[in-house]
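Trainee: Provided herewith is a single structure, encoded as structure tokens, for subsequent inquiry.
The values are calculated or read from the model by the stated rules, or taken from the named source; none is laboratory data. Predicted model only: the values in this text are computed from it and were never measured. Note that each Cβ is placed from the backbone with ideal geometry, even for glycine, and that neighbours are counted across all protein chains shown.
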Amino acid sequence: MSVTALDGRSNLVGRAIFLTLVTIAVFGVQDAISKILVQDYSSFQITMMRYWGFAAFALVMVMRQAPLRQAFRSKVPAWQVLRGLLLMADIWLFALALRTVPLGELQAITVIYPLLVTLFAIPILGEKVGIFRFVAVGVGFAGALVIVRPGGLPLDWGVLFALASATLYALYIVITRKVSAHDSAATSMTYAAVVGLVLSGLVGCFFWQPMGWVDFALVVVVMATTCAGHGLMTYALTMAPASVLQPFNYFSLPWAIVLSALVFGHWIDGISLIGAGIIVVAGLVVMARERMRKVGVPAEASLPGHE
């Protein structure tokens with residue numbers, strides 16, 4: 001490969017990383033606005049309106065590639081519907097957690113999802129996980145226990161909702177990997193959009209409350225950030241593989257801590273911050289191990305321990 005080609009590829013990866021960080025910043029603002037809204041409105045109503053934005057974006061993206069009728073042709077429709085249900089339930093639970101859990105602590109808890117993906121991939125995808133990654137997962141969960149320790153974050157329904165949200169999102173990712181062997185990305189996006197749109201509407205309509213103009217404007221911002229965030233991430237993925245960009249998703253944690261302080265005047269305590277750091281380090285180790293395994297690089301060359 002020529003020097004020019006290498007420089008061009010490096011520039012693309014750099015842009016992709018920058019777009020990923022912007023995407024995370026956009027989604028962080030969305031979470032902060034959503035937290036404001038769910039104090040006065042049902043989480044189910046806000047989720048339904050947020051999903052209007054996501055479904056609009058997803059279906060427009062799909063229709064630019066192929067007719068919707070073609071996108072609905074799935075070889076594994078039951079798995080696709082299950083994906084949609086899991087994503088919808090994940091968003092509901094996250095919105096419910098937003099009511100009581102500060103943004104920093106909420107992100108610190110939900111970033112355990114890559115560790116859960118490692119565990120769920122064993123029965124669902126038949127992946128083999130060695131002792132090294134099992135230890136990393138255990139260390140990550142220990143970090144979560146530090147956050148919800150006695151005297152730390154109160155163990156209430158909000159924390160349980162956050163843990164359930166991370167669990168369902170991890171299942172969603174693993175099943176997404178499973179269906180990717182059978183269906184196109186357009187088909188997966190269509191099912192996630194339509195299933196979520198229908199389900200959120202069927203539930204959200206029973207929790208509808210009239211909105212003032214200011215609150216409605218905030219909802220419009222939430223819908224706009226949903227479309228902008230997904231659009232930016234989609235564009236970033238055309239420049240660099242997901243395995244390269246995934247570790248930068250952990251930027252969501254410090255960003256959430258900053259937003260929590262600026263918008264709500266709440267700082268995460270030092271011990272919980274240490275617990276969050278443990279989760280992040282464990283997650284990054286698992287990601288690095290998995291990436292090296294997939295590209296055929298011996299993990300022992302860079303990391304201690306053996307699978």
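Trainee: Return a yes/no flag: does the range 158-171 have any residue that is at pLDDT below 90, in a loop (DSSP other than H, G, I, E, B) and over 27 Å from Y191 (Cβ atoms).
Mentor: There is no residue in the range 158-171 that is at pLDDT below 90, in a loop (DSSP other than H, G, I, E, B) and over 27 Å from Y191 (Cβ atoms).
Trainee: Now, a different point. So which residues in the range 83-129 are closer than 15 Å to M287 by Cβ and either of a type in the set (V, I, T) or in a loop (DSSP other than H, G, I, E, B) (or both)?
Mentor: Within the range 83-129, V111, I112, V117, T118, E127, V129 qualify.
Trainee: Do any residues in the range 187-207 that are over 16 Å from A78 (Cβ atoms) and crowded, with 16+ Cβ neighbours inside 10 Å have Cβ atoms under 6 Å from those of residues that are among the polar types (S, T, N, Q) and modelled with pLDDT under 90, where the two are at least six apart or on different chains, and which pairs are they?
Mentor: Partner pairs satisfying both residue conditions: none exist.
Trainee: Moving on to the next point. Let me confirm something: among V280, V179, which residue is touching a Ser or Thr at 6+ places or on another chain (Cβ under 9 Å) and either at pLDDT below 90 or closer than 30 Å to A78 by Cα (or both)?
Mentor: V179
Trainee: Any residue that is over 22 Å from V13 (Cβ atoms), in a helix (DSSP H, G or I), at pLDDT 80 or above and small (G, A, S) - is there at least one of those in the range 213-233?
Mentor: The answer is yes, given that some residue of the range 213-233 is over 22 Å from V13 (Cβ atoms), in a helix (DSSP H, G or I), at pLDDT 80 or above and small (G, A, S).
Trainee: Just name the residue that is nearest to the chain's Cα centre (by Cα) out of those in the range 254-271 that are over 18 Å from R99 (Cα atoms) and touching a residue at least 60 places away in the same chain (Cβ under 8 Å).
Mentor: Step by step, filter the range 254-271, then rank; the result is W255.
Trainee: I122 is checked against (1) surrounded by 21 or more Cβ atoms within 10 Å (Cβ to Cβ); (2) free of Cβ contacts under 8 Å to residues at least 40 places away in the same chain and fails just one. What number does that condition carry?
Mentor: It fails just one condition, (1).
Table: residues versus (1) buried (at least 19 other Cβ atoms within 10 Å of the Cβ); (2) modelled with pLDDT under 90; (3) among the small types (G, A, S).
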{"site": "Q39", "(1), (2), (3)": "no, no, no"}
{"site": "M48", "(1), (2), (3)": "yes, no, no"}
{"site": "M61", "(1), (2), (3)": "no, yes, no"}
{"site": "A66", "(1), (2), (3)": "no, yes, yes"}
{"site": "L85", "(1), (2), (3)": "no, no, no"}
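Every residue, every condition in (1) polar (S, T, N, Q); (2) in contact with a His (Cβ under 8 Å, 6 or more places away or on another chain); (3) over 28 Å from T167 (Cβ atoms), yes or no:
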residue	(1), (2), (3)
A55	no, no, no
V60	no, no, yes
A71	no, no, yes
K75	no, yes, no
R83	no, no, no
L87	no, no, no
D90	no, no, no
L93	no, no, no
L98	no, no, no
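Trainee: Still on this structure, please answer the following. Could you list, in sequence order, the residues of the range 36-69 that are free of Cβ contacts under 8 Å to residues at least 24 places away in the same chain and part of a helix (DSSP H, G or I)?
Mentor: V60, M63, R69
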